[in-house]
Amino acid sequence: MSFDEFAQVCERLAETGKKLEKRALMAELLARLNTADAALAAIYLAGQPFAETDRRALNVGGALLTKAVAQLSGASDAALHAAYRRHGDLGSAAFDLLAAKTGGSLTLAGVEESFSALATARGPAAKLRLLLDLLQRATPLAAKYLIKLILGDMRTGVKQSLVEEAIAVASHAEVAAVRRALMVNGSLPEVVVMARAGTLADARMRLFHPLGFMLASPVDSVEEALARFSEAIAEPPEQEATLRHAQVEDKYDGMRAQLHCGDASQPGRVEIFSRNREDIGSSFPELIEAFSEAFAGIDEAVILDGEILAWSPRQQALPFSALQQRLGRKRVSAELRRQVPVVFMAFDLLYAGDALLLDQPLHARRQRLAHIVARAAASTGKPSPRAQGMLFASAEEPHFPRLLLAPATRLESKEQLDRAYHEARARGNEGVMLKAADSLYQPGRRGLAWLKLKRQLATLDVVVTGVEFGHGRRAGVLSDYTFAVRDGDELKNVGKAYSGLTDAEINDLTLFFKQHTLEEFGGFRTVEPLLVLEVAFNNVMRSSRHASGFALRFPRILRLRQDKPVSEIDTLARVEEIYASQPDKPQEEATAG
Ligand SMILES: Nc1ncnc2c1ncn2[C@@H]1O[C@H](COP(=O)(O)OP(=O)(O)OP(=O)(O)O)[C@@H](O)[C@H]1O
């Protein structure tokens, strides 16, 4: 199929706001394609250049694409900026600028080939040549959607879950069967092939691709936690009956991670994934080494869910700011390993032996987790002498734990929960988690089976949409960040922050933002919405300055959230909620960011 025909379907998807229409359009497309094209169309519809199990990445940013569009169209800088401003989107800008051009020999398979070449090409010059070749073969409409696909922002209002439904409709399969096959196998194109062949039930678990993470709902007080908890387990709201079913753990302030260990068929293979579904093993080599040794000894494949923490010799977690120095690194020096040691605090077990355990209740998963952790610790023969739970140490640093089992207790009373919360805070943790002991593991769900009770501080997770050079000492670096929250498919700015990051972080981000600049006017650059920040602020004001209608007062950056996908940042609805909860509802002021 030509990529232009595919782009026409995308255009129709973008035009309709109706989910059922979108699903029907995609199902119709998938049904009329041959299997190879349907497999490609499915990932492209989901806005992914490669299947999730495929580790390749295009590594093409907005800056390089802008250059390619400028060269191909011959448009002046001013024309390029004007087109970009009309749409706020490089793909649509390219459509306007390339409109005079003809072309159009590009097929879905041709795009797949070009993407392979782009993923292996090294350096911007080589990538630019390939991009020019690719765009030259595209019609303007195809170029529009190619660019959106490369930037990972299709703006067709289609989430992967809707593509999964369309696959089910197109191949007369159950949606649940498609989802289950995808969860265990991880590859959307392979699932398309299975759905068409009627073999979804045969999908086998493939390790080393991340499963979705189960998430927690916030509660503001011990009382609310208890009340909400009774809803979660759908029991009669008799407190005694309810309490027996809850498990309490500390809420650690680290980085959520899923750790996969291979069995005899892949001995010693260990990979760690973030909530962003990224492979983050290279940032934590000591965990890879230690788990590799420990699990080679037990010859059982496992997937652990837990939190990576910077750990102190006093056997408690260091503040998140310590761990932050370890995040996002491809190489970690011996010095940094020594300065900021890390541990994996395990709190759940998703897979063991050859069985997925998601459908087992938490108490059963927990029991098995404890058993596996004990076996792994025993297999190294070097259990650390000073731990609070079971653990194993690494070969090089025998007195330092690498795996800890998160202590968990059964909830007994309101007083006990109160105490648990204060003790967790005294240990430097954020608060507590309450988990329904009978709950199943629901990947990607934020339900009521897991509740989080943490300190009261309104913060927002936002994405950077624009950057500027700073002033004075920071005149040479991009240190001022305009940021947005999500409003449906759109991003709406709510403020600008200048403070909170270290010089080293700002230097790294300056480089990053230069590579991901979309448009430059005056000192201001619009950038691809890729970097998630957690910001604190004094309050929320109504404001006409930003499209959101709100502005944060005195925002400051608390941390970079490289672990959080842009799809999970806070929403405009949440900003409105915080605004509404403020006793006095301030209007815009001159100091607003
Ligand atoms: N014992 C624990 N069990 C589960 N999650 C825990 C635990 N301790 C810490 N966490 C962290 O808490 C998070 C659960 O809160 P939530 O799902 O709302 O994530 P979030 O949106 O990142 O919120 P937050 O900013 O509070 O971490 C998990 O993703 C995990 O990183």
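The values are calculated or read from the model by the stated rules, or taken from the named source; none is laboratory data. Treat the numbers as computed from the prediction; the structure is a model and nothing was measured. Quick reminder, even Gly has a Cβ in these numbers, built from the backbone with ideal geometry, and neighbours come from all protein chains shown. Remember, those area values only see protein heavy atoms, side chains included, never the ligands or the DNA or RNA. Shrake-Rupley method; radii C 1.70, N 1.55, O 1.52, S 1.80 Å.
Take every Cα pair under 8 Å in the chain that's 6+ residues apart, average their separations, divide by the length, and report that relative contact order as a whole percent.
About 13 percent, as a whole number.
Got a sec to turn the phi values of region 348-358 into Karplus ³J(HN,Hα) couplings, 6.51 cos²θ - 1.76 cosθ + 1.60 with θ = phi - 60°, whole Hz, x for Gly and Pro?
Each residue's phi maps through the Karplus curve to give 7, 10, 9, 8, 7, x, 10, 10, 7, 9, 4 Hz.
List, in order, the whole-Hz ³J(HN,Hα) value for each residue of region 111-119 obtained from phi through the Karplus relation with A = 6.51, B = -1.76, C = 1.60 and θ = phi - 60°; use x for Gly and Pro.
5, 4, 4, 5, 5, 4, 5, 4, 5
Distance cut-off 31 Å, Cα to Cα: go down the list Lys19/Lys148; Lys144/Lys330; Lys22/Lys492; Lys67/Lys496; Lys19/Lys330; Lys22/Lys564 and report the pairs above it.
From Lys19/Lys148; Lys144/Lys330; Lys22/Lys492; Lys67/Lys496; Lys19/Lys330; Lys22/Lys564, over 31 Å: Lys144/Lys330; Lys19/Lys330.
Restricting things to alpha carbons, tell me how big region 215-454 is in terms of Rg and Dmax, in Å.
That works out to 17.6, 55 Å for Rg and Dmax.
Semi-axes of the equivalent ellipsoid of region 459-581: what are they in whole Å, largest first, if each equals the square root of 5 times a C-alpha gyration tensor eigenvalue?
For region 459-581, the ellipsoid semi-axes come out as 22, 15, 14 Å.
Output needed for the chain: three equivalent-ellipsoid semi-axes, defined as square roots of 5 times the C-alpha gyration tensor eigenvalues, in descending order, whole Å.
40, 30, 25
Assign unit charges at the C-beta atoms only (+1 for Lys and Arg, -1 for Asp and Glu), then state the dipole size of the chain relative to its Cα centre in Debye, rounded to the nearest 20.
Using Cβ point charges on Lys, Arg, Asp and Glu, the chain gives about 920 debye.
Can you give me the accessible area per residue for the chain, using a 1.4 Å probe, in Å²?
42
Accessible surface of Asp263 in the full protein assembly, 1.4 angstrom probe, to the nearest 10 Å²?
Surface accessible to solvent at Asp263 totals approximately 50 Å².
Taking amide H positions as placed in the peptide plane 1.01 Å from N, state which residues far from Leu558 in sequence (5 or more) or on other chains have amide H under 5 Å from it.
Those qualifying (amide H under 5 Å, at least 5 residues apart or on another chain) are Glu534, Val535, Ala536.
Using +1 at the C-beta of Lys and Arg and -1 at the C-beta of Asp and Glu, which of Ala227, Phe3, Ser161 has the Cα lying farthest in the positive direction of the dipole of the chain?
Farthest along the dipole direction, towards plus: Phe3.
Name the residue from Ala201, Ala573, Ala24 whose Cα lies farthest towards the positive end of the charge dipole of the chain, charges +1 on Cβ of Lys and Arg and -1 on Cβ of Asp and Glu.
Sorting the options by dipole projection puts first Ala573.
Take the solvent-accessible surface of the protein heavy atoms, probe 1.4 Å, and return the percent of it on the chain that carbon and sulfur atoms account for.
That share works out to 51 percent.
Report D for region 9-112 in µm² per second (integer): Stokes-Einstein, Kirkwood Rh on Cα pairs, 10 °C, 1.306 mPa s.
So the translational diffusion coefficient is about 100 µm²/s.
May I ask you to evaluate 6.51 cos²θ - 1.76 cosθ + 1.60, the Karplus curve with θ = phi - 60°, for each residue of region 313-325 and list the ³J(HN,Hα) values in order in whole Hz, giving x for glycine and proline?
Computed from phi, the couplings for region 313-325 are x, 7, 6, 8, 6, 7, x, 4, 4, 5, 5, 3, 5 Hz.
Using only the alpha-carbon atoms, how far is helix 19-32 inclined from the longest principal axis of the chain? Give it as 0 to 90 degrees, nearest 10.
With rounding to tens, the tilt is 70 degrees.
Below 8 Å, C-alpha to C-alpha, sequence gap of six or more: please give me the relative contact order for region 97-236 in percent.
Value for region 97-236: 15 percent.
Could you give the angle, 0 to 90 degrees to the nearest 10, between helix 35-45's Cα long axis and the longest principal axis of the Cα atoms of the chain?
Around 80 degrees separate the two axes.
Just to verify a number: what accessible area does Ile372 come out at with the full protein assembly present, 1.4 Å probe, Å² rounded to tens?
Result for Ile372: roughly 0 Å² accessible.
Between 0 and 90 degrees, rounded to the nearest ten: what's the tilt of helix 188-197 against the longest Cα principal axis of the chain?
With rounding to tens, the tilt is 90 degrees.
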